[in-house]
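The values are calculated or read from the model by the stated rules, or taken from the named source; none is laboratory data. Note that the coordinates shown come from a computational prediction; the quantities given were computed from them, not determined experimentally. FYI the Cβ positions are ideal-geometry reconstructions off the backbone, even for glycines, and counts take in every protein chain you see. Calculation scope for accessible area: heavy atoms of the full protein, side chains included, ligands and nucleic acids excluded. Shrake-Rupley method; radii C 1.70, N 1.55, O 1.52, S 1.80 Å.
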Amino acid sequence: MSAFAEGLNALLDPTVAVCLLVGLLIGTLVGMFPGVTGSMAVALAAGFTLTLEPVQGLAVLLTIYVGANYGDRIPAILVNTPGTPAAIATTLDGYPLAKQGKGGLALVSSAMVTTGGILLSVVVFIFAARPVASIALEFGPAEMFALVVFGLTVMISISSRSLLKGLLAGIAGLAIATIGRDPITGDERFVFGLNDLNSGLPFIAVIIGLFGIAELFDQLLTHHPGTAQIVSSLGRWWPTRAEYKQMARPFALSSVLGTVVGAVPAAGGDIAGLIGWDRAKRMSKHPEKFGKGSLEGLTAADTASSATLGGSLTTTMALGVPGDSVMAVMLGSMLIWGLQPGPSMFVQSPELVASIAGIMIIATVLSLGISLVRSQGMVKILDLPRHYIWVGILLFCIVGTYTTSNNMYTVWVMLLSGVVGVIMKRTGFPPGPVVLGLLLGPLAESNLRRALLIDGPASLVTQPIAASLLLLAAFSLAMPLIRRARAARRDGAPPQPIEVDRT
Amino acid sequence: MQALEPGPAPAPENQALVAGSSRRLEIICAVIAIVGSALLVFAAQQIEVRNETGGIDPRWWPTVLGAAALAFGVVLAAVAVLRPPFSRDELESATRAGWVRLAVSVAIAMVYLVLWPWTGYLIATLPMLVVLTWLFGGRGWKTLAVFPVVMTAFTYALFHLVLKVPL
């Protein structure tokens, strides 16, 4: 049996079907509740999927990833509050449409273009991942180090308004990754006689703390009751033929754009959605309608943000560098299962790659089904009191983290990471680079040291791929600053802090 | 990637919900970054290496990271003093009730983590959920009694009975 057939065959196991349904339910629900992000849900679910087989676990995590991409549009359209950051651009035209009594139309159109965006990008994953991985197989230590630096710098440049804070966060992640045994000599570093620290900080606990608990703590700090009004009259559901025609152009443009943005390490649906919306507005015959309830605007935003899924998956699986923050969390789970995403996975476990593509497609079709049969009852779920959600998240974070090691030390690490995470959030330090630094730190250190010991520092600039990646890394850090300086000169603005444009 | 056009300004009633910028906060961040990175460099030098080879040994990478962080920390301090503080308009402002809610939640979670190994999952979890639900605004016997019991039973059944995690 070919690896492809074997991978798809693994999905016929009834337990996988149960995992898909569980993931779909969780994903749709977490997407619907503002504040519960996809990365938070995947981090939380990672705790209790570690006891499952890889295919079953991936079925849960990937379906949450897909389901959240549908669920987050509902509050964005009906309450003007994005369920996850990926739906930020949905609010621009989704909520105005709902206020005009076209909430049903906006929900159905959004679900359809989201499906199209994800499926097209998964096709790209199926055809592009293997060639990308086969190129990456040729990478030596210098190239691998440069790749990690590139991923980290892109994450830094897009996840923080302050480049300096992003850089410091990235270094903090790399520094935390040095706790434990040296990756080359095995010497103890920063262990302070504690056995638990010998294998480094448990990264799933750190991830759950930085993404899940920190977000919860921030909501506890800032909750202001009754700031949004739910639209309860949804109007008609299906688009007319003329409206389908209207949607075609922004859909085509944004599906390509979203896939490309998704393939950039660390760039996710939030950025892609805003860029897609902006591009579609510039190309539209009716740009004046954008932001006031344009179906074109909604189509562009949702297609672009959903098309990032396949691009992001391609980067993660082919190169081992997370395509977005959800993938960073998923990478952590895969490492615990003993899977190393990257070029070698296509040689060692090609059937798993086929399973992943299959799971993505099934999850997308199921999510569309749920989206199309949704009723006004769903709107009522948005009214669920906050205290149930907060208590549930805290308990699941604690128990989920405990299950990763059956050791209370892991839960303490998670709680401490949560406190650190909320301080970081309040002070403008992004958690993404910390997690990426923590996950990729050993890879960066061991490859840099090997490159320096074997070929000397020159190898970083004389190997064409390594040099190109390092140049791109420098470019990704410099560009936002150059753009900001240009904008300031053009506007004659007074000096501003070193903030970067996140778009 | 081109800059987007600026979005509409927040409505006046929402402006009070946006966190304000603070120079003092920026300076504190920079000082913590400088002290933390200096400590990293110092701690890296204390690493005991079994085979002293000099050069690129296990101390080298943490030292490089600490030195880089120190340099960025100094620049951050200079920016904090010389430039206007960073805008925090993407953050909502914290409330006094929020600080209390957060501090008490962390304290309850810590007590819970201490109690759990002593009393077992069920006995520790149920009262914690009752207190947290009340703290987060839940009122009424259904909310304060039924919800914690259902959550405790559900998580116990899911993790202990189904997933075989020894809680």
| If you roll a 1.4 Å probe over the heavy atoms of the protein chains, what accessible area per residue do you get for chain A, in Å²? | 35 Å²
| Using the Kirkwood radius built from alpha carbon pairs, what does the Stokes-Einstein equation give as D for the stretch B:96-162 at 20 °C and 1.002 mPa s, in µm² per second? | 170 µm²/s
| request: Order the following by accessible area, largest value first: A:Lys245, A:Lys292, A:Lys165. Probe radius 1.4 Å; ligands, DNA and RNA are ignored. | output: A:Lys245, A:Lys292, A:Lys165
| request: Could you give the DSSP H helices of chain B that reach 18 angstrom or more along their long axis (alpha carbon positions) and whose average Kyte-Doolittle hydropathy is no lower than 1.6? | output: B:23-45, B:60-82, B:121-135
| request: Only helical DSSP H runs with n ≥ 4 go in: add -39500 (n - 2.57) per run for chain A, normalise by residue count and round the 222 nm mean residue ellipticity to 500 deg cm²/dmol. | output: -23500 deg cm²/dmol
| query | Once label points are set 7 Å from the Cα along Cα→Cβ at both B:Leu122 and B:Val35, what is their separation, rounded to one decimal in nm? | reply | 4.7 nm
| request: Please list, in chain and number order, the residues 5+ apart from B:Val18 or on another chain whose amide H is under 5 Å from its amide H, with Hs placed from the backbone. | output: B:Ser93
| If packing is taken as the mean number of other Cβ atoms within 10 Å per residue, what is the order of A:412-424, B:33-45, A:313-325, A:87-99, highest first? | A:313-325, A:87-99, A:412-424, B:33-45
| field | With DNA, RNA and ligands ignored, accessible area of A:Met479 (1.4 Å probe; Å², nearest 10) | value | 50 Å²
| message | Give me the percent of accessible area attributable to carbon and sulfur for the stretch A:59-186, probe 1.4 angstrom. | response | 69 percent
| Going by average Cβ neighbours within 10 Å, how do the peptides A:425-435, A:201-211, A:442-452, B:127-137 rank, with the highest at the top? | A:201-211, A:425-435, A:442-452, B:127-137
| Over the C-alpha atoms of the stretch B:50-130, what are the Rg and the largest Cα-to-Cα span, Dmax, in Å? | 22.9, 58
| task | Name the lysines eligible as straight-distance cross-link partners of A:Lys285: C-alpha to C-alpha under 22 Å, and not fewer than 8 places from it in the same chain. | result | A:Lys102, A:Lys245
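I'd like the mean, over residues of A:170-178, of how many other protein chain beta carbons sit within 10 Å of each residue's own Cβ.
6
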| task | Subtract the Cα-Cα distance of A:Asp13 and A:Arg486 from 0.36 nm times their separation in residues, and report this length gain in nm to one decimal. | result | 164.6 nm
| request: Quantify how strongly other chains surround peptide A:40-50 by giving the mean number of their Cβ atoms within 10 Å of each of its Cβ atoms. | output: 1
| field | DSSP H segments from chain A that extend 24 Å or more along their own axis, Cα-based, with Kyte-Doolittle mean of -1.0 or above | value | A:14-32, A:54-71, A:103-136, A:141-159, A:241-263, A:295-319, A:350-372, A:386-405, A:408-427, A:431-455, A:464-491
| field | Area of A:Lys281 that stays accessible when all protein chains are in place (1.4 Å probe, Å², to 10) | value | 40 Å²
| Relative contact order, percent, chain B [alpha-carbon distance under 8 Å, six or more residues apart] | 23 percent
| field | Dipole magnitude of the stretch A:3-491 about its Cα centre (Cβ charges: Lys, Arg +1; Asp, Glu -1), debye to nearest 20 | value | 1920 debye
| task | Quote the convex hull volume per residue of the stretch A:278-343, based on C-alpha atoms, as a whole number of Å³. | result | 88 Å³
| query | log10 I(q)/I(0), Debye, Cα-only chain B, no solvent, q = 0.09 Å⁻¹? | reply | -0.69
| message | Can you sort A:Ile126, B:Ile108 by solvent-accessible area, 1.4 Å probe, largest first? | response | A:Ile126, B:Ile108
| note | Here the alpha-carbon Rg of the stretch B:19-82 over 2.2 N^0.38 Å rounds to 1.42
| said: Taking the alpha-carbon distance from B:Lys142 and a cut-off under 20 Å, which lysines remain once sequence neighbours fewer than 8 residues away in the same chain are dropped? | reply: A:Lys380
| request: Roll a 1.4 Å probe over the protein heavy atoms and report the accessible area of B:Thr119 in Å², nearest 10. | output: 60 Å²
| message | Give me the three principal axis extents of the protein assembly as shown from the C-alpha atoms, as integers in angstrom, largest value leading. | response | 75, 65, 62
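Per 0.36 nm of contour for each residue apart, how much would the distance between A:Gln340 and A:Lys292 grow if the chain were fully extended, relative to their Cα-Cα spacing? The partial results should precede the final answer.
On the way: separation 48, 0.36 × 48 = 17.28 nm, distance 4.60 nm.
Between A:Gln340 and A:Lys292, full extension yields 12.7 nm more.
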| Accessible area, probe 1.4 Å, largest first, for residues A:Trp337, B:Trp61 | A:Trp337, B:Trp61
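What average number of partner chain Cβ atoms lie no more than 10 Å from the Cβ of the residues making up B:54-64?
6
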| query | In percent, how large is the relative contact order of chain A, given Cα pairs closer than 8 Å and 6 or more residues apart? | reply | 29 percent
| query | Setting aside same-chain residues fewer than 8 positions from A:Lys99, which aspartates and glutamates have a Cα under 15 Å from its Cα? | reply | none
